[in-house]
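Engineer: Before I ask anything, here is the structure I am working with.
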C-alpha cells in the first residue's frame, strides 16, 4: 500500500470514522483524481458506498456548484472537497457552496488546494495527537487580550483580541461546520485590532502558493495600521509577486485589505513547509489572513468574499506577555 492509499484509509477511519453501509461523496477535479480514486477504493474495502464528482466535467471553473453534487451531499453521510485552487473560486464557488451545505446532515471537510505531497505527508499524521495538542493551545489562548509576534527578519506585530471568539481547528469533525479543512491543526480568531510590520517568509494563500510556492528567499514586507494593510508599504524583490498581492488586496472589495484572521499552526506532526498553504498554515508558526473573517465562527460583524493567508516562520509569540512559541517552537 503506497502513501496515498494509506492517507485515504487514515482519513476515513480516523477523521470521518466511516461505517459500513454509509455513503461518502468526493467532490474533486482531474488533478486530484488519483486521491479521490484512492478514497473511493478505501470506501469499497470498508463496505461503504462511494460517489465521485469531477468539477472539470461540468464546465469552466470557477462555476456555481452543479445541483447534482448538492443533491448527492444532501443525503450523504460524509463528504470531501478535494480540488486544486482556481482563481476566483473562493468568491464564486466555495463560499456559496459552504453556505448551501451548512445545514446538511453530512460530515464534511475541505481539502481545497491539496496536492500529492500534502496528501502523503499531512494526511498520514497521527490525527489524535494533533487534536490533543491543538486543544491545549486553544485553552491557553482562548481568553487572551493581547498577542505580540516578532521574528529575526523584522516582523513586529501587536494584536488586540477578546472581542471575537477563538476557534479550535483540531481536526475533529464538527457537524455544524462544513468548511473545516484537512490536514488540520490551528487556532484562530478575528483580531479586534492589529498594528505593526509584517514580513512574510513562508507561503501565501488563495492561488499564490501554486504560483509562487514558498517565498523564503523573497519575503514580502508590509505594514498594518488599525487592522488594514498600507498600500504604500509593500516591498518584495519579486515584483510580480508584490504586484499580484497589491492587486488582490486593493481591488474589488473594501475589506479585502483588512486583517480578518490571526492564527497559530498547531500540527506538531509536521517538520517543514512544502509550499502548499493548505498544509503549511498548520505547521507550527504564525499566520494571518486579509479578508474573510469567518463571521459565523468568530462572531465578526463584517465579511468579505476574498481571503488571503500569509505564513510567518520561526516567530516568537507572546500571549498576554507569556512566551508560548520561540523561533517557531512551542514552549508549552
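Engineer: Based on what the data block shows, is residue 245 closer than 26 Å to residue 179 by Cβ, at pLDDT below 95 and part of a helix (DSSP H, G or I)? Give the derivation first.
Structural biologist: On the way: closer than 26 Å to residue 179 by Cβ: yes; at pLDDT below 95: no; part of a helix (DSSP H, G or I): yes.
Against the criterion (closer than 26 Å to residue 179 by Cβ, at pLDDT below 95 and part of a helix (DSSP H, G or I)), residue 245 does not qualify.
Engineer: Can you tell me which residue in region 27-44 is nearest to residue 117 (Cα to Cα), limited to those that are surrounded by fewer than 17 Cβ atoms within 10 Å (Cβ to Cβ) and in contact with a helix residue (DSSP H, G or I) (Cβ under 8 Å, 6 or more places away or on another chain)?
Structural biologist: Among them, the one singled out is 34.
Engineer: Looking only at strands (runs of 3 or more DSSP E) that fall completely inside region 1-120, which ones have 3 or more residues that are under 18 Å from the mean Cα position of the chain (by Cα)?
Structural biologist: Details: elements: 23-28, 49-54, 78-82, 107-110.
Hits in region 1-120: 78-82, 107-110.
Engineer: Still on this structure, please answer the following. Is there a residue in region 207-224 that is within 26 Å of residue 131 (Cα to Cα), assigned to a strand (DSSP E or B), assigned by TED's automatic domain parsing to the domain that holds residue 312 and in contact (Cβ under 8 Å) with a residue 24 or more places away in the chain?
Structural biologist: The answer is no, given that none of the residues of region 207-224 is within 26 Å of residue 131 (Cα to Cα), assigned to a strand (DSSP E or B), assigned by TED's automatic domain parsing to the domain that holds residue 312 and in contact (Cβ under 8 Å) with a residue 24 or more places away in the chain.
Engineer: Also, quick follow-up: For the list (1) surrounded by 17 or more Cβ atoms within 10 Å (Cβ to Cβ); (2) on the phi < 0 side of the Ramachandran plot; (3) touching a helix residue (DSSP H, G or I) at 6+ places or on another chain (Cβ under 8 Å), I need the number of the one condition that residue 70 fails.
Structural biologist: Failing condition for residue 70: (1).
Engineer: Looking at region 150-174, which of its residues are under 15 Å from the mean Cα position of the chain (by Cα), over 11 Å from residue 187 (Cβ atoms) and surrounded by 21 or more Cβ atoms within 10 Å (Cβ to Cβ)?
Structural biologist: Hit for region 150-174 is 171, nothing else.
Engineer: Can you tell me which residues in region 286-304 are under 15 Å from the mean Cα position of the chain (by Cα), assigned to a loop (DSSP other than H, G, I, E, B) and over 20 Å from residue 195 (Cβ atoms)?
Structural biologist: Hits for region 286-304 are 292, 294.
Engineer: For residue 238, only one of the following conditions fails: (1) at pLDDT below 95; (2) surrounded by fewer than 19 Cβ atoms within 10 Å (Cβ to Cβ); (3) under 17 Å from residue 207 (Cα atoms). What is its number?
Structural biologist: Result: residue 238 passes all but (1).
Engineer: Here's a follow-up. Is it true that residue 305 is touching a helix residue (DSSP H, G or I) at 6+ places or on another chain (Cβ under 8 Å), surrounded by fewer than 21 Cβ atoms within 10 Å (Cβ to Cβ), more than 26 Å from residue 134 (Cβ to Cβ) and at pLDDT 95 or above? Before you say what the answer is, go through the steps one by one.
Structural biologist: Values: touching a helix residue (DSSP H, G or I) at 6+ places or on another chain (Cβ under 8 Å): yes; surrounded by fewer than 21 Cβ atoms within 10 Å (Cβ to Cβ): yes; more than 26 Å from residue 134 (Cβ to Cβ): yes; at pLDDT 95 or above: no.
Considered against the rule, which asks whether it is touching a helix residue (DSSP H, G or I) at 6+ places or on another chain (Cβ under 8 Å), surrounded by fewer than 21 Cβ atoms within 10 Å (Cβ to Cβ), more than 26 Å from residue 134 (Cβ to Cβ) and at pLDDT 95 or above, residue 305 comes out as no.
Engineer: Could you tell me which numbered condition residue 254 fails, if it satisfies all but one of (1) farther than 28 Å from residue 109 by Cα; (2) outside any strand (DSSP E or B); (3) modelled with pLDDT of 95 or more?
Structural biologist: Going through (1) farther than 28 Å from residue 109 by Cα; (2) outside any strand (DSSP E or B); (3) modelled with pLDDT of 95 or more one by one, residue 254 breaks only (3).
The values are calculated or read from the model by the stated rules, or taken from the named source; none is laboratory data. Please read all numbers here as calculations on a predicted model, not as lab measurements. Using ideal geometry, Cβ is built from the backbone for each residue, glycine included, and neighbour counts are taken over all protein chains shown.
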